[in-house]
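Visitor: Can you read through this structure? Questions will come right after.
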Amino acid sequence: MIAMNDFSSVQIGRRSTVQMPRPAPMHIVLFGAGHVGHALVKLLGSLPCVVQWVDERDELFPDETPANVQVEATDTPDAIVDAAPPGAYFLVMTHNHALDFSLAARIMRRRDFTYFGMIGSKTKRVKFERRLLDRGVDLDRLVEMTCPIGVAGIVDKAPSAIAVAVCAELLQIRTRQVVAQRATQQLCASV
């Protein structure tokens, strides 16, 4: 049994505890400065992450943001996808379906992201899947695109509720990744 006591130790069984370095903060690239983006940034400001908040519309960004949030008003959001570090978490929630698709196609060209989530309905997902297949994305890779986003069971469409569901999903993914990495490190250390 592996149980995490906190971010710096892993308990293995009942008697053995191994100190591990804290995991690196999540690098989140958030496309969209609408209502959900604003609600999400408020929550992400208190989580272990670095956020690149990207939108073409500079006037939508607030005057002040949490310390871990970097605002990027740009006319070339596709370039941000290319420049993101390996292991990035991509969140797409722009005001424009054409831009959402352009970003989705660009993200799916990469093979090194941890998470790619896009706000939208199941219908939007089906349409985007079809278009991504037409662009050469392998069928088996479509599972790497999460749409709709957020933990299951939250049906409230208020921006703050969507933000909570998305943050919960990001934390679940990060926890699974950290536990798996630590289990692998422990296994390697015991050999």
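Visitor: When residues of the stretch 129-165 are filtered for being under 20 Å from ASP82 (Cα atoms) and within 19 Å of the chain's Cα centre (by Cα), how many remain? Give the derivation first.
Guide: Taking the stretch 129-165 first, the residues under 20 Å from ASP82 (Cα atoms) are 132, 135-138, 141-142, 144-146.
Adding the requirement that they be within 19 Å of the chain's Cα centre (by Cα) leaves 141-142, 144-146.
The total comes to 5.
Visitor: Sticking with this one: Is it the case, given these coordinates, that ALA105 is modelled with pLDDT of 95 or more, of a type in the set (A, V, I, L, M), buried (at least 16 other Cβ atoms within 10 Å of the Cβ) and over 20 Å from ILE162 (Cβ atoms)?
Guide: Numbers: modelled with pLDDT of 95 or more: yes; of a type in the set (A, V, I, L, M): yes; buried (at least 16 other Cβ atoms within 10 Å of the Cβ): yes; over 20 Å from ILE162 (Cβ atoms): yes.
Against the criterion (modelled with pLDDT of 95 or more, of a type in the set (A, V, I, L, M), buried (at least 16 other Cβ atoms within 10 Å of the Cβ) and over 20 Å from ILE162 (Cβ atoms)), ALA105 qualifies.
Visitor: Oh, and also: Could you check the stretch 75-101 and list, in sequence order, the residues that are in contact (Cβ under 8 Å) with a residue 12 or more places away in the chain and more than 13 Å from GLY32 (Cβ to Cβ)?
Guide: Of everything in the stretch 75-101, those that are in contact (Cβ under 8 Å) with a residue 12 or more places away in the chain and more than 13 Å from GLY32 (Cβ to Cβ) turn out to be ASP75, ASP78, VAL81, ASP82, ALA84, PRO85, PRO86, GLY87, ALA88, TYR89, PHE101.
Visitor: Any chance the stretch 164-184 includes a residue that's loosely packed, with under 11 Cβ neighbours inside 10 Å and either under 21 Å from PRO25 (Cα atoms) or at pLDDT below 90 (or both)? First the steps, then the outcome.
Guide: Step one: filter the stretch 164-184 for residues loosely packed, with under 11 Cβ neighbours inside 10 Å, giving 176, 184.
Pick out the ones that are also either under 21 Å from PRO25 (Cα atoms) or at pLDDT below 90 (or both) and you get 176, 184.
Yes, the stretch 164-184 has at least one match.
Visitor: Still on this model: Quick one: in the stretch 65-93, of everything that is part of a strand (DSSP E or B) and within 12 Å of the chain's Cα centre (by Cα), which residue is nearest to SER121 (Cα to Cα)? Show your work before the answer.
Guide: Step one: filter the stretch 65-93 for residues part of a strand (DSSP E or B), giving 69-73, 89-92.
Subsequent filtering for residues that are within 12 Å of the chain's Cα centre (by Cα) retains 89-92.
Details: TYR89: 20, PHE90: 17, LEU91: 15, VAL92: 13 Å.
Across the stretch 65-93, the extreme among qualifying residues is VAL92.
Visitor: Please determine, by comparing only the residues of the stretch 50-64 that are in contact with a strand residue (DSSP E or B) (Cβ under 6 Å, 6 or more places away or on another chain) and not in a strand (DSSP E or B), which one is modelled with the lowest pLDDT. Explain how you work it out, then say what you get.
Guide: Initial filter on the stretch 50-64 (in contact with a strand residue (DSSP E or B) (Cβ under 6 Å, 6 or more places away or on another chain)): 50-54, 58, 61.
The next check asks that each one be not in a strand (DSSP E or B); those that pass are 58, 61.
On the way: ASP58: 94, PHE61: 97.
Across the stretch 50-64, the extreme among qualifying residues is ASP58.
Visitor: A follow-up question, please. Need the failing condition index for HIS97 against (1) touching an Asp or Glu at 6+ places or on another chain (Cβ under 8 Å); (2) under 16 Å from LEU30 (Cα atoms), just the number.
Guide: (1)
The values are calculated or read from the model by the stated rules, or taken from the named source; none is laboratory data. Note that this is a predicted model, so its numbers are computed, not measured. Counting neighbours? That spans all protein chains shown, and the Cβs are built from the backbone with ideal geometry, glycine included.
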